[in-house]
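The values are calculated or read from the model by the stated rules, or taken from the named source; none is laboratory data. What you see is a predicted model; the values in this text were computed from it and never measured. Here the Cβ positions follow ideal geometry from the backbone for every residue, glycine too, while neighbour counts run over all protein chains shown.
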Amino acid sequence: MMTHDAMTATEQPSAQGRLDFRRKTRGTIPRGLAFLAVMVVFALLTIILGSIILGGFGTISWEFITHPPEQGMEAGGIFPAIFGTVALVFLMIIAAVPVGVFTAIYLQEYTRPDSLGTRLIRVAVNNLAGVPSIVFGLFGLGFFIAFIGGGIDAVFFPAQGPVWGQPAIIWAALTLALLTLPVVIVSTEEALRTIPRELKEASLALGGTKLQTIRRITIPQATPGILTGAILAVSRGAGEVAPIMFTGAAYYLPYLPTKLNDQFMELGYHIYVMATQSPDVEATKPILYGTVLVLMILTVALNSVAILIRSRMRKRRVQV
Amino acid sequence: MFLFRKNKRRPISFNNSLVPGLTPPHTSGGSSLQALLLFRIENSNMKRLAFKPKSKFRESLGAKFIALNAFIALIAILLIFVFIFKEALPIFSDKDIRSEAGLDRMINKQVYYEGREAKWSWQPNSEVPKYSLYPLFLGTIKAALIAMLFAIPLGVGAAIYSAEFATPRFREIVKPIVELLAAIPSVVLGFFALMILATFLQDILGLPFRLNALNAGIALGLAVIPIVFTIAEDAMTSVPRSLRDAAVALGANPWQVSLTMVLPAAIPGISAGIVLGFGRAIGETMIVLMASGNAAIISASFLDSARTFSATIAAELAEVVFGDTHYTVLFFIGSLLFVLTFLINLSGDLILVRLKTRFQGKIK
């Protein structure tokens, strides 16, 4: 069609202006529609963020962040939920980051991309990322609590009630660690790919072994990527509710979790229960908005930092 | 220099000029010749590089440790498979559970009370527990469909603009902002739909109920948009330059290049984005749990309530008795979800892999 247009244009120079006009105007419609889509997404994001910020801004204060809830969640703060969330993602990161980083190193440094092991691991990682979060919750209940926890109880504490075979922060953290593992792996792998080959070769040429090269060259060079992965994992883990509903989160606890087999309060779960099961929605509304805003600030701020580090890393790759 | 100093475990090479006049022994055992050599270089700078027999062992141990970690993801996915299915297995093996919630009872219409007509019904807590999965299936598909209808135009449209029309500077703004949408936790999107969107929709549409499938579907769409956007955008930007150049050489305008060259070439990538987005919409829990009303009814209307597979598990698992029929059925639903999303994600990934090889010119 285009060649045809061009040919008629050369044969009839008088039609050139009309043709140019047609080409230009025809382009504005798809372009305009695409631009509209961008603007709608921007508008939706603004509405979501704006309504939450406006609704929650008045509630947030030093007292709100540092005090426990009072009067059946209608007053007081959300300190136990913040503490529980931080403790949860901390445990999660301890479990997920080393495994994720080593997996990425194995995939990038130790195997060829077309080997069977690599392909299996890749399929597993991709699908782990796609498993619905509620299925992770079921798995946490069936595997960590009933199988591992129940097993520990049967062997070490046969006379008592459940010690480890019950919902607990460690089981919730391990469930979340599996959920966020792909995030760490993908982000570390991306960083490993940006490391110039020459650096690794220089290390090997100077007599460094493979392990030494990984420890002294590869991992330090990949630190921004590992950091990005860890931050994204924290942000993702802090926002997930479905996997921890049955594996350890509690709506209200009079104490903070101090042992690995304690239950805990969590921001996302707090929001869910307050929003859906509160006897008096109007009375808890300010606290609810405040809690949502705290969770939003936590996750969005962490994500922005990760995006920033990643875009810097990508620019570095272009220069090398 | 820095590398040299830290490098403690590597044997020095014996055939270099530091030790003249000696043929290199290639064995690494502690022979007397080696002892002599070590003595001779004792006071030189090379001393700290002397051979330590631990090296090889540590090297292979490290490699094994790394490999072990790498297989955790694989083991995890297998364990998830095994443990979800194990809990669902009594549906087929246990006689009592099978009579109450066998495959026939979950799929086909049932007569629950004498004299009444047969119907599909999900009422696990009633006098006569009813475990028909059909209302849940309908609810899941309905919510996911609305989400896709909402997310595809916006996600693909924004991707086209970002990849094709936006100036590089504007693109640097568009991409992170759309990706920011992915950073919003699903419980927050659910909260937004429950408190704000539901009221808005009820006002403009004049609905009798606040919570319905449309409300949940739109909120679900918000979670799907970034997935569709990111994958579609990647597909379009990875279309080889040669294709664009060819179109330009034939006299195409920028928009003609986009619509007649880049877009058709990137269609597999865009559809992969849509497929993966659909996988997310099927499995997403908190949004539908909070925003859809959760009534397990048989209705195709977008303005009626919907109860999805995932929301059913989330809402009911806390109340069930470990190992009873209801518990088993919920794990069976979990297995369904797992298999369904596994297949959806696998097909999405396969499309992406094929697209990649095609753009690299490896396809015959």
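Values for this structure:
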item: Unmet requirement for B:Val339, which otherwise passes all of (1) in contact (Cβ under 8 Å) with a residue 12 or more places away in the chain; (2) surrounded by fewer than 23 Cβ atoms within 10 Å (Cβ to Cβ); (3) among the β-branched types (Val, Ile, Thr); result: (1)
item: Pair list, Cβ < 7 Å and 6+ apart or interchain, from segment B:54-81 residues that are facing another protein chain (nearest Cβ under 7 Å) to residues that are of a type in the set (D, E, K, R) and in a helix (DSSP H, G or I); result: B:Glu59/A:Lys210
item: Matching option when the condition is assigned to a helix (DSSP H, G or I) and in contact with a Phe, Trp or Tyr (Cβ under 8 Å, 6 or more places away or on another chain), among A:Gly50, A:Gly149, A:Gly100; result: A:Gly149
item: From A:Pro220, A:Pro257, residue being over 22 Å from A:Val89 (Cβ atoms) and more than 11 Å from every other protein chain (Cβ to nearest Cβ); result: A:Pro220
item: Matching residues, segment A:165-194, being touching a Ser or Thr at 6+ places or on another chain (Cβ under 6 Å), within 23 Å of A:Phe246 (Cβ to Cβ) and within 12 Å of chain B (Cβ to nearest Cβ); result: A:Pro167, A:Thr175
item: Residue within segment B:98-116 that is of a type in the set (Val, Ile, Thr), outside any loop (DSSP other than H, G, I, E, B) and either touching a Pro at 6+ places or on another chain (Cβ under 9 Å) or at pLDDT 85 or above (or both) present; result: no
item: Residue within segment B:332-340 that is in contact with a Ser or Thr (Cβ under 6 Å, 6 or more places away or on another chain), among the aromatic types (Phe, Trp, Tyr), at pLDDT 90 or above and closer than 16 Å to B:Trp122 by Cα present; result: no
item: Residues that are assigned to a helix (DSSP H, G or I), of a type in the set (Ser, Thr, Tyr) and more than 11 Å from every other protein chain (Cβ to nearest Cβ), drawn from segment A:269-312; result: A:Thr284
item: Residue list for segment B:297-335, filter: surrounded by fewer than 19 Cβ atoms within 10 Å (Cβ to Cβ) and touching a Phe, Trp or Tyr at 6+ places or on another chain (Cβ under 7 Å); result: B:Ile298, B:Ala318, B:Val320, B:Val321
item: Filter result for A:Leu227 (assigned to a helix (DSSP H, G or I), out of contact with any Lys or Arg (no Cβ under 7 Å at 6 or more places or on another chain) and surrounded by 22 or more Cβ atoms within 10 Å (Cβ to Cβ)); result: no
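A quick yes/no check of all residues on (1) small (Gly, Ala, Ser); (2) more than 10 Å from chain B (Cβ to nearest Cβ):
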| position | (1), (2) |
| --- | --- |
| A:Gly117 | yes, no |
| A:Val125 | no, no |
| A:Ala129 | yes, no |
| A:Ser133 | yes, no |
| A:Gly140 | yes, no |
| A:Phe143 | no, no |
| A:Gly151 | yes, yes |
| A:Phe157 | no, yes |
| A:Val163 | no, yes |
